[in-house]
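The values are calculated or read from the model by the stated rules, or taken from the named source; none is laboratory data. Everything quoted here is computed from the prediction, not taken from an experiment. For neighbour counting, all protein chains shown are included, and Cβ atoms are generated from backbone atoms with ideal geometry for every residue, glycine included.
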Amino acid sequence: MKEDPLSLTEKFCLLTGEYLTGIPRPGRRTTLSIKTSYEPSLYNAIDLERSVWQLINALYSDRLCHSTSPNISPFKPNRHSEKEIVNHLYDNDDDLRETQIIVDWLEGKVRDGITEVAEKYECLFNDKTIWENTLHLLETLDMQDLKSKHLVTHLFPDAALIGEGGLAQKDVSDENLYLHYLFLCVRGGDLQRAQRLCLQRGDVTRAVAMEGWRPFHSSYLSDETAPPEGHSVEGNATRVLSKCVAWWNAENPSLNPYERAIFAAQSGNLSALLQNMTSGNWEDLLWAHCRALVESRVDATLRTNLDCGPRANTLSVFGRPQKDLDLEDLGLQLPDSAWLPGSWTLSEAFAKAETALGWSPITCLSCVAEGGSSFVTPTLRPSEMSAFLNHHIADVLQPSGDSRSQVDRQLLLQAMFYTIFRAIALREYSDMLAALASSVTFFLPTTIREILTAGVTNADWPELVTLDPLNCQVLRFLVHLVLCLQRLETELPDEHCNSILEAYISTLIVERRYPLIAAYIAQLSSPSRQTRWYASFLSGLRKAEDRQQCLEYAAAAGLNVQSVTRAVIRIVRRRFDEMDRAETSPKGTVVPSASVETIADIVGGDVVGYLTQVDKNRIAAIDWLVHDRAQRGEVLVLANSLLRLFIAMRKLQAARAVLDRLPLAILDQLKLKIIQAEEDYGVDTARAVIPPWLANTVREHECLILYLQVRESFDQWYFQIKSTKPTPPATNNDGTTFSLADRVAAEEAEKNFRARLECWNHEIELRSLSLVKQLESLLTYESPGWLVDAAITQPRLTTCPEEYEAALDVTGMFASTPADEDEGDLGIAGLGDSPHARKLQMNVLREVCLREVVFMLIEVYRTTGRHVSCVRLADLVADKNFGIFKLFNECQMQSLLQHIQESMLHLQAVCGDALGYRVGGETTADALL
């Protein structure tokens with residue numbers, strides 16, 4: 001929607017026209033206004049859509065033109081003609097000009113229909129077929145038979161009006177069809193076609209009468225005298241007379257109703273026009289009222305201004321001066337009702353047309369959408385075009401056998417388009433958008449309605465839903481209408497526009513039309529709403545290639561990809577939590593919220609050595625944040641959350657899979673950028689600008705990686721010490737005497753065993769030293785300790801050096817955009833990780849894991865004979881700087897002291913001192929067995 005809106009409307013007109021040529025066209029009896037089946041067709045809906053674009057283009061081309069260059073000029077008191085008066089009126093009367101545009105638009109719709117059926121009907125109207133049945137009877141019957149049959153005795157143009165008899169019944173029917181077609185041409189504004197048919201039929205009088213509306217103009221009446229060769233005269237010099245004659249002919253009951261309707265349309269006689277129209281749907285009635293408004297206002301202006309200028313005291317009735325002559329003396333007066341429509345506003349014309357129709361489209365639209373039981377379905381009347389094409393059918397068709405839902409759907413479409421027409425003409429969009437927003441769900445399947453009602457945040461989008469093509473096309477049109485109006489108008493209600501957009505977006509999501517989803521979501525009014533919708537869509541994707549492609553679509557559409565991926569993570573995590581609760585909780589029970597006790601219970605669970613599908617999906621969620629390098633810090637936040645969970649659940653294999661999923665060297669890159677920022681801009685500035693959660697996340701990730709490395713090293717060490725120790729060769733214990741060769745082989749085997757044992761002991765010693773170092777480094781982690789945040793939340797700088805901001809953007813490592821403030825508390829980095837829950841988890845993991853490390857260290861010390869180090873471990877546990885003793889309860893402390901006591905008893909038995917000191921103050925070696 002970046003193009004000029006008027007260019008877009010022209011393009012939409014062409015596209016809908018091309019689309020109509022490619023789909024089957026229903027018969028005329030299946031139009032929205034008259035049918036035997038009340039199910040609307042796709043063709044008719046697209047045709048009405050084209051009418052909307054045509055109306056928007058016509059009206060707004062005029063509005064934008066006159067808003068930028070208003071053409072308001074005073075009326076000159078002299079030298080003017082009727083045409084100049086009319087042109088001046090149209091230039092300065094916006095309401096009249098827009099009413100004329102609406103009249104032209106309504107006529108154009110009928111004119112297109114006439115063009116399609118002209119070949120079928122116009123061949124019937126010629127001078128060879130005129131009154132041929134009556135002529136045949138005149139030639140074959142005698143005078144007495146003609147009088148008995150009440151037929152005319154002579155044929156001339158007015159024979160049926162002034163004679164005693166009439167025409168043959170078949171000729172009357174043909175005459176009705178002919179006059180009905182002429183009125184249809186007038187209804188379509190195609191006077192040239194109507195005049196051509198009159199001349200073709202030899203009906204010259206009617207052809208001339210259709211020229212009576214044209215305003216008179218002569219170049220001699222212009223300001224500049226035209227040269228003789230350039231002189232021109234146009235229009236009807238007796239226009240006032242022609243209009244008056246047409247008015248009273250419309251009131252003549254002896255004339256054919258269609259002929260009266262023709263005269264009524266030309267003279268603006270609204271009552272006669274409404275009385276003689278065959279049917280008249282909303283469009284026909286609106287045309288009649290707007291036509292009356294235009295004719296009345298133009299005639300009133302002409303009669304007011306014809307007495308000035310060089311034609312003073314002159315009436316165009318005679319074309320020569322007639323002093324002291326009154327109009328009423330000539331019988332040219334019209335009733336007061338002739339001038340009443342000229343005082344209407346366009347809004348009043350619409351209101352009176354709806355009153356004549358008997359129901360209001362916007363009220364009907366709301367009632368059909370709400371489905372109230374008290375609502376009475378209005379009678380549907382055919383249009384003039386349908387009435388002509390189906391003149392042998394009753395004017396009003398009632399539904400037979402159709403379900404109420406089909407009638408409601410057809411009526412909903414008709415009321416919807418009429419409401420749109422009215423709003424565009426009057427520029428009253430608030431009520432229209434409210435009505436459309438309330439009825440748009442009518443075009444959606446039940447499953448999608450339920451999703452929209454419950455909210456899309458936790459939506460589970462269905463994969464197999466059959467969508468009605470007509471409903472999809474209507475929703476598409478409504479969305480394009482809203483987007484076009486947003487470009488043309490200001491201060492449209494965002495909420496109603498969003499409701500219409502969201503209804504169409506939901507169908508795109510269900511249909512998996514990936515390239516379009518991001519483009520339309522980007523048109524929603526607020527970034528938070530855009531994020532919520534696109535995240536809901538992305539969370540349902542399964543294939544990695546689809547995810548990557550859709551993120552690229554989002555970036556191309558201008559969506560905030562970072563906010564979207566954060567929202568996806570929040571949705572995914574919430575779903576996984578619900579799945580876990582559903583799996584671990586009995587049916588029908590309420591899952592308790594997370595607490596310290598429940599987390600501690602999870603920590604004490606059994607070790608799981610495999611990855612479930614839920615675990616794999618949790619880990620795969622990291623890929624959402626890998627797309628943008630500016631979200632590396634957020635990747636660590638999510639990774640840490642998963643690591644805490646898997647470590648607590650003893651799923652160490654899953655925890656290692658999380659690390660394998662991360663981008664290479666992500667931790668080192670972030671640490672390097674933070675250190676570089678501190679060096680370049682100062683520690684205080686860097687810490688004030690860099691969010692505390694990032695520094696804490698980096699530290700936490702280091703702690704968790706260290707723990708996993710320690711666990712992996714301990715597992716390898718334990719496996720090696722328990723399973724890889726060389727087995728001694730078999731010895732002879734039964735006293736059997738071996739030969740020399742056997743003894744040599746036994747000695748060689750013993751020698752090899754001792755060599756392998758020595759290598760094994762050396763390797764175990766090296767592994768033990770490394771493992772002890774790792775375990776001690778975890779226990780003595782730098783202040784404030786392992787798995788404890790070091791950065792304190794403090795007010796961030798509202799302003800910072802421009803070069804620093806640029807540097808943050810260039811690094812692309814931690815310059816993430818902030819989370820949307822209007823979405824509430826979104827957790828750490830907007831990923832839904834609650835700071836309070838994180839703190840609880842870290843406290844529990846710190847207690848459990850550090851106690852576990854202490855006992856692992858004791859196991860290493862005791863297994864490798866380092867009893868002195870085991871005894872001195874008590875000093876480390878009791879050190880107030882590390883506070884490890886605080887992590888033990890009474891029972892756990894007793895178990896720890898028991899292990900230390902056993903080592904002290906061993907030292908007492910070996911070297912005579914429980915602390916490992918020899919006599920003389922020297923300590924014994926840890927390797928002493």
Within region 861-870, the count of residues that are touching a helix residue (DSSP H, G or I) at 6+ places or on another chain (Cβ under 6 Å) and either under 22 Å from R644 (Cα atoms) or crowded, with 22+ Cβ neighbours inside 10 Å (or both) comes to 4
Right, D680: in a helix (DSSP H, G or I), within 23 Å of G785 (Cα to Cα) and at pLDDT below 90 or not?
-> no
Of the residues in region 5-24, those that are free of Cβ contacts under 8 Å to residues at least 12 places away in the same chain and either part of a helix (DSSP H, G or I) or among the aliphatic types (A, V, I, L, M) (or both) come to S7, K11, L14, L15, E18, T21
Filter region 832-859 for residues that are acidic (D, E) and part of a helix (DSSP H, G or I); which is surrounded by the most Cβ atoms within 10 Å (Cβ to Cβ)?
-> E847
In region 860-919, residues that are among the charged types (D, E, K, R), in a helix (DSSP H, G or I) and under 24 Å from W786 (Cβ atoms) total 5
Hey, does region 720-731 have a residue that's part of a helix (DSSP H, G or I), at pLDDT below 90 and either among the small types (G, A, S) or loosely packed, with under 13 Cβ neighbours inside 10 Å (or both)?
-> yes
Filter result (outside any helix (DSSP H, G or I) and aliphatic (A, V, I, L, M)) within region 521-561 = A522, L524, L541, L559
Can you tell me which of E295, E259 is modelled with pLDDT of 90 or more and buried (at least 24 other Cβ atoms within 10 Å of the Cβ)?
-> E295
Within region 445-487, which residues are surrounded by fewer than 20 Cβ atoms within 10 Å (Cβ to Cβ) and either acidic (D, E) or closer than 23 Å to L64 by Cα (or both)?
-> E450, D460, E463, D468, H480, L483, Q486, R487
In region 150-175, which residues are buried (at least 16 other Cβ atoms within 10 Å of the Cβ) and not in a loop (DSSP other than H, G, I, E, B)?
-> L151, A159, A160, G166, D171, V172, D174, E175
Taking the residues in region 1-43 that are of a type in the set (V, I, T) and at pLDDT 80 or above as candidates, determine which candidate is nearest to Q486 (Cα to Cα).
-> T9
Give the residue, chosen from V117, V103, that is of a type in the set (A, V, I, L, M), touching a residue at least 40 places away in the same chain (Cβ under 8 Å) and out of contact with any Leu (no Cβ under 8 Å at 6 or more places or on another chain).
-> V103
Quick one: in region 332-368, of everything that is in contact with a Phe, Trp or Tyr (Cβ under 9 Å, 6 or more places away or on another chain) and more than 30 Å from Q414 (Cβ to Cβ), which residue is modelled with the lowest pLDDT?
-> L334
